[in-house]
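**Q** Okay, handing you the structure first.
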Amino acid sequence: MIKRVIVGIIGTNCYIFYNEKKNCIIIDPGGNETEIIADIKNLGLKPLAIVLTHGHFDHIAATGKLKEYYAGRGVNVSVAIHEADSMYLGENAGRINKSVVSLFGFEGEKMFQRYFPRMPSADLFLKENDAVFDSGLMVLETPGHTKGGICLYSEKDGLLFSGDTLFCGGIGRSDLPGGNENLLVNSIKSKLLILPPETTVYPGHGPTTTISNEISSNPFIN
């Protein structure tokens, strides 16, 4: 079961993914922590972890606020990311993210001041084929947008959280530090397009799609 919350200054898709046990993981909380918390409360869920598909500011911004909120209520919410993107968190988060955030002018500066001074470090590094806590999701390493980009796949549920690797009709940008277009396209073709064609894709921005739609109509991978 999935609840989407559109967050941050460039409309990132944050997903609350939960099961019948009422446990959930929070995928890519790029802002709007009060709305995310309200949705989790309204659904009667207990968060197990914050899982980051990569380290860019628009996908991680609310991580610290969420971790602090739940810690104050006796709930330890682990933060998980691929090790290659771990430098976007912790004591280096402000320095590494500030130059990118500044591209968004005053709104970016406000976001930086609000979120990044207290960004936590990762509690867990994710790698290929790792099970993602108690969610039924599995890690697929898909570098190219960043060095540590990952997607989260459930064969049982027929779904993929693709972060900024694959979009409806598009792919992630590769012109930021750590990006590599050839590597990104290879990740998509070797890891994602081989999934069952009916797999529903939940991207980091924009509407959902399916693997079959992207095979037939995505101009960046055909």
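Every read-out reported here was derived from the displayed coordinates using simple, explicitly stated rules and does not represent laboratory data. All of these numbers come straight from a predicted model, not from anything done at the bench. Glycine also receives a Cβ, built like all others from the backbone with ideal geometry; neighbour counts cover every protein chain displayed.
**Q** Put one equal scatterer on each alpha carbon of the stretch 58-159, apply the Debye formula with no solvent term, and list log10 I(q)/I(0) at q = 0.12, 0.18, 0.22, 0.23 1/Å to two decimals.
**A** With no solvent term, the Cα-only Debye profile gives -0.47, -0.95, -1.19, -1.23.
**Q** Right, another one. Relative contact order for the stretch 1-110: what is it in percent, counting Cα pairs under 8 Å that are at least 6 residues apart? Don't jump to the answer; show the numbers that get you there.
**A** On the way: 177 pairs, mean separation 22.6, N = 110.
Reported as a whole number, the value is 21 percent.
**Q** What is the distance in Å between the Cα centroid of the stretch 129-148 and that of the stretch 10-38?
**A** 17
**Q** Further question: Could the peptides 64-74, 178-188 be put in order, highest first, of the mean number of other beta-carbon atoms found within 10 Å of their residues? Walk me through the intermediate numbers first.
**A** Working: 64-74: 15.2, 178-188: 17.8.
Listed from highest to lowest mean packing, they are 178-188, 64-74.
**Q** Here is a further query. Looking at the chain, send over the antiparallel percent of its DSSP beta bridges, to the nearest 5. Present the calculation step by step, with values, prior to reporting the outcome.
**A** Numbers: 22 of 37 bridges.
That works out to approximately 60 percent antiparallel.
**Q** Could I ask something else about it? Where does the Debye-calculated log10 I(q)/I(0) of the stretch 140-195 sit at q = 0.15, 0.17, 0.20 Å⁻¹, using only Cα point scatterers of equal weight, no solvent?
**A** For the stretch 140-195 at q = 0.15, 0.17, 0.20 Å⁻¹, log10 I(q)/I(0) is -0.36, -0.46, -0.63.
**Q** If you don't mind, another one. Compute the relative contact order of the stretch 145-193 as a whole-number percentage, counting only Cα pairs closer than 8 Å that sit 6 or more residues apart in sequence. Walk me through the numbers on the way to the answer.
**A** On the way: 52 pairs, mean separation 17.8, N = 49.
Relative contact order of the stretch 145-193: 36 percent.
**Q** On a straight-distance basis, which aspartates and glutamates could pair with residue 67 in a cross-link, Cα separation under 20 angstrom, same-chain partners fewer than 8 positions away excluded?
**A** Once the sequence-local aspartates and glutamates are set aside, what remains near residue 67 is 28, 33, 35, 39, 58, 83, 85, 91, 123, 134.
**Q** Distance between Cα centroids, the stretch 166-215 to the stretch 73-114: provide it in whole Å.
**A** About 24 Å separates the Cα centre of the stretch 166-215 from the one of the stretch 73-114.
**Q** Under a GNM of the chain (C-alpha, springs under 10 Å), which listed residue has the highest mean-square fluctuation: 85, 130, 28?
**A** 130
**Q** At a threshold of 8 angstrom on Cα-Cα distance, excluding pairs fewer than six apart, so keeping six or more, what relative contact order does the chain reach in percent?
**A** Working: 478 pairs, mean separation 33.7, N = 222.
The normalised contact order for the chain reaches 15 percent.
**Q** How much of the DSSP bridge set in the stretch 21-90 is antiparallel, in percent, rounded to the nearest 5? Show your work: numbers first, answer last.
**A** Values: 0 of 8 bridges.
Here the antiparallel bridges make up roughly 0 percent for the stretch 21-90.
**Q** Another one. Of 46/110; 127/147; 3/156; 65/110, which pairs sit farther than 24 Å apart, going by alpha carbon to alpha carbon? Display every interim value, and only then the final one.
**A** Numbers: 46/110 30 Å; 127/147 12 Å; 3/156 18 Å; 65/110 15 Å.
Going by Cα-Cα distance, 46/110 fall outside the 24 Å limit.
**Q** Work out the length of the dipole vector of the stretch 57-142 about its Cα centre, built from +1 on the beta-carbon of each Lys and Arg and -1 on the beta-carbon of each Asp and Glu, and round it to the nearest 20 debye.
**A** Working: 9 positive and 12 negative charges, 102 e Å.
Magnitude of the dipole: close to 480 debye.
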